[in-house]
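See structure below.
Values quoted throughout were computed directly from the atomic coordinates according to the rules given, and no laboratory measurement underlies them. What you are looking at is a predicted structure, and each value in this text was computed from that prediction instead of being measured. Cβ placement follows ideal geometry from the backbone for every residue including glycine, while neighbour counts extend to all protein chains displayed.
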Amino acid sequence: VLLLAGSLSGAVGDLTLAAPAGADNQSSAAVDTGAGPATWSIISTSAPAETLFLGSTCVDAWDCWSVGGQFENGGNKFAGVIRHWNGSVWATVPTKVPVGDNWIFTGVSCVEADDCWAVGGLPHPGAPAPFLEHWNGTSWSFVQTEALDGYLLGVSCSLTTSCWATGTRTDASGNMTV
């Protein structure tokens, strides 16, 4: 797993990122070292190789979040995972998803250090269900959504009172729409 994080400054041009020679399957992150727009360093996330990160956000260089999922039980189960960067190390943070064996986080957005939203989906008999979690600066809490069939795939917050989430919806025939 390669998790990329950093910032670009100055003129914008083509940026190509590749795993360094000799890189293995261990989870790692590339971070901007501050020496320029193309100076990146690979650091370990300490997440298992079976982890898939699908979304990330940073409040500042010392407060970043990455969300996704991790294969468990020999690859028969997928469990959502949220990791936090404190400027030095990545750490897994407990979540509050209430039910389900297979669930995944697909997006995350923070306006402030104590106001983040993570979205995703979990299966229900017959159809998947979207879910939301909110970070209050101390812990993640499950937030009830409307009874919709589908997944939330992304979220963006511009103010503490203004967030938008996108996703898919499953109709009565099992077809997914956006």
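So here's what we get for this one:
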item: Net charge of Cβ neighbours under 14 Å - reference TRP117; Lys, Arg +1; Asp, Glu -1; result: -3
item: Neighbourhood net charge (13 Å Cβ-Cβ; Lys/Arg +1, Asp/Glu -1) for GLY137; result: -4
item: Efficiency of FRET between LEU148 and CYS58 - r from beta-carbon atoms, R0 35 angstrom, step 0.05; result: 0.75
item: Neighbour net charge for THR170 - beta-carbon separation under 15 angstrom, K R +1, D E -1; result: -2
item: Listed peptides 128-140, 159-171 by packing density, highest first (mean Cβ within 10 Å); result: 128-140, 159-171
